[in-house]
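One structure is given below, encoded as structure tokens.
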Amino acid sequence: MVIGVPKEIKNNENRVALTPAGATELRKHGHTVYVQTEAGKGSGFTDEQYTHAGAVILPTIEEVYRVAEMIIKVKEPIESEYPLIKEGQLLFTYFHFASSEPLTHAMIARKAVCLAYETVEKTDRSLPLLVPMSEVAGRMAIQEGAKYLEKPMGGFGILLGGVAGVKPANVLVLGGGIVGTQAAKMAAGLGANVTIVDISLARLRYLEDIMPANVDTVMSNEYNIRELIQSANLIIGGVLIPGAKAPSLITRDMLKLMKPGTVMVDVAIDQGGCFETSKPTTHENPIYEVDGVVHYCVANMPGAVPYTSTLALTNATLPYALQLANQGWKQACSTNEELRKGLNVVHGKVVFKGVAEAWHLPYMDVKELF
């Protein structure tokens, strides 16, 4: 198969979808790999390293899309890329269709085969291609939250871990999944008082067992959230419904219950956000204020630490990319249920129910493709 790796062009996106090591593996299986020049530069990989690994360097994104049967990316295509996508071309990347109606309609119109990292799902319901970036984003949420709690950045002016004789900050984590667990670990390690809320009692029992003494667990419901936000200094939104829009757990009217200078970090922004007042921001302009509350809603948080993020992501995606390249998407998805669940839009049809429901579009059962 002919595989193309374009350079990411989303604002401050420095990750790359394939490392030179990955290119070597694909070449060993007889596949041709084309990489856009400087695609790996932001993650610390040179064109020479890709060439040494057996890849062919192409100067423009247009050439990469033109020659490739399968495009491997990190982030969803942006508007300037839409015309480059060919009918029947396989795109393997993060899409988050439920948060972008224009992207959904564009991929339907291009009749591409869109296989989304975020909905590839194992039998235990874990999301293997979302986990590594959720780990990074969860940990980053605390770094960024601590920074924006500083007074010059618009925050309350509290040190996350406090000092002797001064209480630490209160951190509220919404969701006890991968993002929430990593965020709680980081915040607890810095000495903050942490509360995690989740709707699963089994998950809360597990977290209660593994977390340090400065982490409390509370059942998630509107009453408890309204109580907790009144004393919170930093709130992390890490709620996920795979492939569907995130629920709004904090509504606009709740902001008046918070202290001025409270910071909210919405890690769920890729799926529409779990705060009603959330809107996507960039690393260039990461924050805005609503009613005195600082909102950090960067849609590609792991892109700020591309070396770590690229290696973590490609460790997870490469085995699936090899299956797709070796067998073709149809055969690979018919025999591997994990990959089949990653199919979202195929030849102009929406085959993932959460996406169809988000935008009130006709839905076709993915099994009808096989």
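Each residue in segment 104-138 was checked for being open to solvent by 10 Å² or more (accessible area, probe 1.4 Å) and in contact with a Gly (Cβ under 6 Å, 6 or more places away or on another chain), and 2 pass.
Has segment 304-313 got at least one residue that is part of a loop (DSSP other than H, G, I, E, B) and open to solvent by less than 30 Å² (accessible area, probe 1.4 Å)? Scanning segment 304-313 turns up no residue that is part of a loop (DSSP other than H, G, I, E, B) and open to solvent by less than 30 Å² (accessible area, probe 1.4 Å). Note on segment 65-103: residues that are part of a loop (DSSP other than H, G, I, E, B), open to solvent by 30 Å² or more (accessible area, probe 1.4 Å) and of a type in the set (A, V, I, L, M) amount to 1.
Per-residue answers, yes or no, for (1) hydrophobic (A, V, I, L, M, F, W, C); (2) part of a strand (DSSP E or B):
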position	(1), (2)
105	no, no
114	yes, yes
122	no, no
126	no, no
129	yes, no
160	yes, no
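Restricting the first member to segment 161-177 and to residues that are over 16 Å from residue 196 (Cα atoms) and open to solvent by 50 Å² or more (accessible area, probe 1.4 Å), and the second to residues that are at pLDDT 95 or above and assigned to a strand (DSSP E or B), the beta-carbon pairs closer than 9 Å and six or more apart or on different chains are 167/193.
Residues in segment 258-277 that are part of a loop (DSSP other than H, G, I, E, B) and either within 12 Å of the chain's Cα centre (by Cα) or buried (at least 24 other Cβ atoms within 10 Å of the Cβ) (or both): 262, 272, 273, 274.
State which residue is surrounded by the most Cβ atoms within 10 Å (Cβ to Cβ) when the search covers only segment 41-64 and only residues that are part of a helix (DSSP H, G or I) and among the small types (Gly, Ala, Ser). Going through the qualifying residues, I end up with 43. Note on segment 215-247: residues that are within 12 Å of residue 171 (Cβ to Cβ), among the hydrophobic types (A, V, I, L, M, F, W, C) and open to solvent by 20 Å² or more (accessible area, probe 1.4 Å) amount to 1. In segment 251-276, the residues that are without any contact (Cβ under 8 Å) to a residue 12 or more places away in the chain form no Cβ pair under 7 Å with any partner that is among the β-branched types (Val, Ile, Thr), whether six or more places apart or across chains. Taking segment 341-354 as the range and being among the polar types (S, T, N, Q) and open to solvent by 10 Å² or more (accessible area, probe 1.4 Å) as the test, no residue passes. Residues in segment 331-340 that are under 11 Å from residue 367 (Cα atoms) and open to solvent by 70 Å² or more (accessible area, probe 1.4 Å): 337 only. Residue 203 meets each of the listed conditions (1) open to solvent by 60 Å² or more (accessible area, probe 1.4 Å); (2) farther than 20 Å from residue 132 by Cα; (3) without any contact (Cβ under 8 Å) to a residue 40 or more places away in the chain; (4) of a type outside the set (Ser, Thr, Tyr) apart from (2). Residue pairs whose Cβ atoms lie under 7 Å apart, sitting 6 or more positions apart in sequence or on different chains, and linking a residue in segment 109-137 that is closer than 11 Å to residue 94 by Cβ to a partner that is small (Gly, Ala, Ser) and open to solvent by 10 Å² or more (accessible area, probe 1.4 Å), are 129/316. Look at (1) in contact with a His (Cβ under 8 Å, 6 or more places away or on another chain); (2) surrounded by fewer than 24 Cβ atoms within 10 Å (Cβ to Cβ) and you find that residue 300 fails only one, number (2). Would a scan of segment 10-27 turn up a residue that is more than 30 Å from residue 286 (Cβ to Cβ), over 25 Å from the mean Cα position of the chain (by Cα) and not in a helix (DSSP H, G or I)? Checked against the condition, which is being more than 30 Å from residue 286 (Cβ to Cβ), over 25 Å from the mean Cα position of the chain (by Cα) and not in a helix (DSSP H, G or I), segment 10-27 yields no hits at all.
The values are calculated or read from the model by the stated rules, or taken from the named source; none is laboratory data. Computed from a prediction, not measured in an experiment: that's the story for all the values here. Counting neighbours? That spans all protein chains shown, and the Cβs are built from the backbone with ideal geometry, glycine included. Accessible surface areas use protein heavy atoms only, side chains included; no ligands, DNA or RNA. Shrake-Rupley method; radii C 1.70, N 1.55, O 1.52, S 1.80 Å.
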